[in-house]
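Undergrad: I'd like to ask you about the structure that follows.
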Amino acid sequence: MTAVVVIGAGFAGLWAALGAARRLDELGVPAGTVGITVLSAQPFHDIRVRNYEAELSDCRIPLADLLDPVGVAHVATEVTAIDPGARSVATSGGAVFGYDRLVLASGSHVLKPDIPGLREYGFDVDTHDGALALQRHLGKLVGSAPTPGAASVVVVGAGLTGVEAACELPKRLRALFSRGTATPRVILIDRNPAVGSDMGPSARPVIEEALSRNGVETRTAVGVTEVTERGVSLSSGERLEAATVVWCAGMRASSLTEQLPVPRDRLGRVQVDDYLRVVGVPSVFAAGDVAAARMDDEHLSVMSCQHGRPMGRYAGYNVISDLLGEPMLALRIPWYVTVLDLGPAGAVYTEGWDRVVVSTGAAAKATKQTINTRRIYPPLTRDRAELLAAAAPELQARP
């Protein structure tokens, strides 16, 4: 059987697998001719962008519900090596998977620098398990003996994830510590001179106002020099008492990109062409956070589900088309939007690469909730036809 292997089951990996299954169905390829196998560490598809939220019960979807109905195999294993010459993938369990075509969609991870105490005492919302660990930690603080900073949280990194986490935390802390004497406090820290620097000058005042309304303090133009069980030390010399530190500063593509003999950009991503083929590596495609794909004549993809999902769909379509000698489809996305959750203060919706604000407050919040709870979810019906239809290589309209 001809083998297509997809590494990763996030937004890009899931849709690459479903897109490949759809293309086989569309071409009428007989069952048993081409096998599609997904390799990922967890047997779930996680709605990663919701990890800053308090309620995560519906953010983890069994892969069996999504892949079994369309005939895609899944193996829960950690991929340890890729050998493009031998066209094989090695895993932590010792198994080796050969491939005729490979889609690398292993995602990204938060980048934690070598700061004393960070790995021992720092939390993150980078993964579902990490978000649950933070949740358990906060719960334990409520029942323990009160200490200075017990209800204080330091969030490091005022990019999109950091701002969303910081805006959500005051409400969570007030609910957790409602019967105690500790006063909830959230401090957002960033090395840049302003919070939300990635959002541009149009959205920044909206973000700053929302942080203020939510009761979030800020420290800008400073870095963290040490993390302990009781707080953080800053490069300014200030010491902040806090029982919880949430690290949201910096992202890096999966280290599996280092297995490919090609250059990588500053984020660790590999260059792909308009068909999502890795430039310089035959028979290998890449999608999502591991790939730097051109979205238009001036801009490359960003690490987001907004780009990862269509990249996955097109990679799935193209990997089968390439394998069977059929025409491929070039991916270009002519629009770009950002919707940033600002907790009880609403949200901010921007359009264009210069991020011009077009909606704020409750209206933008409604759009964000639609995205988080419906738009980015795959069909949950286990219906084969519905799953294949959702994997069509088409671009959604703006939310």
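The values are calculated or read from the model by the stated rules, or taken from the named source; none is laboratory data. None of these values were measured; they are calculated from a predicted model. For neighbour counting, all protein chains shown are included, and Cβ atoms are generated from backbone atoms with ideal geometry for every residue, glycine included. Areas reflect the complete protein model, heavy atoms only, side chains present, ligands, DNA and RNA absent. Shrake-Rupley method; radii C 1.70, N 1.55, O 1.52, S 1.80 Å.
Undergrad: Roughly how many nanometres apart are two label points built 7 Å out from the Cα toward the Cβ at E386 and A64?
TA: 1.9 nm
Undergrad: Specify the inter-centroid distance of the stretch 139-167 and the stretch 1-65, based on alpha-carbon positions, in whole Å.
TA: 34 Å
Undergrad: Can I ask one more? Using the heavy atoms of the protein chains alone and a 1.4 angstrom probe, what is the accessible area of the chain per residue in square angstrom? Let's see the in-between values first.
TA: Details: 16760 Å² over 399 residues.
Computed with neighbouring chains in place, this is 42 Å² per residue.
Undergrad: Now for a different question. Rank by packing, highest mean first: peptides 254-260, 24-30, with packing defined as the count of other Cβ atoms within 10 Å averaged across residues.
TA: On the way: 254-260: 18.6, 24-30: 13.7.
In decreasing order of mean packing, 254-260, 24-30 become 254-260, 24-30.
Undergrad: How large, in Å, is the chain by the Kirkwood hydrodynamic radius built from its alpha-carbon pairs?
TA: On the way: mean 1/r = 0.0454 Å⁻¹.
Evaluated on the chain, it is 22.0 Å.
Undergrad: Within 10 Å, count the other beta carbons around each residue, average over each peptide in 204-214, 77-87, 301-311, 43-53, and list them highest first.
TA: Details: 204-214: 18.1, 77-87: 15.3, 301-311: 22.8, 43-53: 20.8.
Descending packing order for the listed peptides: 301-311, 43-53, 204-214, 77-87.
Undergrad: What is the antiparallel percent of DSSP beta bridges lying wholly in the stretch 245-399, to the nearest 5?
TA: On the way: 13 of 15 bridges.
Once the DSSP bridges in the stretch 245-399 are tallied, antiparallel ones form about 85 percent.
Undergrad: Now for a separate question. Could you check what % of the DSSP bridge pairs in the chain are antiparallel, to the nearest 5?
TA: Approximately 50 percent, going by the DSSP bridge assignments.
Undergrad: Report, by chain and number, residues whose modeled amide H sits under 5 Å from the one on A41, excluding near sequence neighbours (fewer than 5 apart, same chain).
TA: T77
Undergrad: Rounded to the nearest 5, what % of DSSP beta bridges with both residues in the stretch 1-75 are antiparallel? Don't skip to the end; give the middle numbers.
TA: Values: 3 of 12 bridges.
If I count the DSSP bridges inside the stretch 1-75, around 25 percent turn out antiparallel.
Undergrad: Now, a different point. Lys/Arg Cβ at +1, Asp/Glu Cβ at -1, dipole of the stretch 287-399 taken about the Cα centre: which of A397, A345, P334 is farthest positive-ward?
TA: Among A397, A345, P334, the one farthest towards the positive end of the dipole of the stretch 287-399 is A345.
Undergrad: Right, here's the next one. If amide hydrogens are placed 1.01 Å from N in the peptide plane, which non-local residues have theirs closer than 5 Å to the one on E226?
TA: S233
Undergrad: Add -39500 (n - 2.57) for each DSSP H run of 4 or more in the chain, then divide by its residues: what number comes out at 222 nm, to the nearest 500 deg cm²/dmol? Don't jump to the answer; show the numbers that get you there.
TA: Working: 9 runs with 109 residues, N = 399.
Computed ellipticity for the chain at 222 nm equals -8500 deg cm²/dmol.
Undergrad: P(r) for the stretch 78-214, please, calculated from all Cα pair distances in 10 Å bins and given in %.
TA: Taking every Cα pair in the stretch 78-214, the percentages come to 10, 30, 26, 17, 13, 4, 0.
Undergrad: Please turn the phi angles of the stretch 51-66 into ³J(HN,Hα) values with the Karplus equation 6.51 cos²θ - 1.76 cosθ + 1.60 (θ = phi - 60°), one per residue in order, whole Hz, x for glycine and proline.
TA: Working through the residues one at a time gives 5, 6, 6, 7, 9, 10, 5, 10, 9, 10, 10, x, 4, 4, 6, 9 Hz.
Undergrad: Could you give the spread of the C-alpha atoms of the stretch 78-141 along their three principal axes, from largest to smallest, in whole angstroms?
TA: Ordered largest first, the stretch 78-141 gives principal extents of 51, 24, 20 Å.
Undergrad: Pairing the Cα long axis of helix 200-213 with the longest principal axis of the chain, what angle in degrees results, from 0 to 90 and rounded to the nearest 10?
TA: Roughly 50 degrees, rounded to the nearest 10.
Undergrad: What is the mean projected area of the alpha carbon convex hull for the stretch 226-268, to one decimal in square nanometres? Working shown, then result.
TA: Numbers: hull surface 18.1 nm².
Seen from a random direction, the Cα hull of the stretch 226-268 projects 4.5 nm² on average.
Undergrad: Let me ask something additional. Once the other residues with Cβ under 15 Å from the Cβ of V279 are scored (Lys, Arg +1; Asp, Glu -1), what is the net sum?
TA: Values: positive: R264, R269, R277, R294; negative: D265, D273, D274, D322.
Net of charged neighbours comes to 0.
Undergrad: Would you mind putting 240-247, 381-388 in packing order, based on average other-beta-carbon counts within 10 Å, highest first?
TA: Most protected by this proxy first, the peptides run 240-247, 381-388.
Undergrad: Turning to a different aspect of this structure: As a test of the definition: which semi-axes, in Å, follow for the stretch 28-148 when you take the square root of five times each eigenvalue of its alpha carbon gyration tensor? Largest first, please. Intermediate values should be presented prior to the final figure.
TA: Values: eigenvalues 268, 76, 23 Å².
Each semi-axis is √(5λ); the values are 37, 19, 11 Å.
Undergrad: Return the long-range amide H neighbours of L188 (sequence gap of 5 or more, or a different chain), with a cut-off of under 5 Å between placed amide H atoms.
TA: V155, E217, T218, R219
Undergrad: Moving on to the next point. What whole-number distance in Å separates the alpha-carbon centres of the stretch 333-364 and the stretch 238-270?
TA: 25 Å
Undergrad: Taking square-rooted eigenvalues a ≥ b ≥ c of the alpha carbon gyration tensor, is the stretch 258-399 rounded, prolate or oblate, where a/c under 1.5 means rounded and, failing that, a/b exceeding b/c means prolate?
TA: Oblate, because a/c is 1.5 or more while a/b does not exceed b/c.
Undergrad: Given axes a ≥ b ≥ c from the Cα gyration tensor, I'd like to know whether the stretch 233-292 is rounded (a/c under 1.5), prolate (a/b larger than b/c) or oblate. Each step should come with its number before you reach the end.
TA: Working: a/c = 4.13, a/b = 3.48, b/c = 1.19.
Note, shape of the stretch 233-292 comes out prolate.
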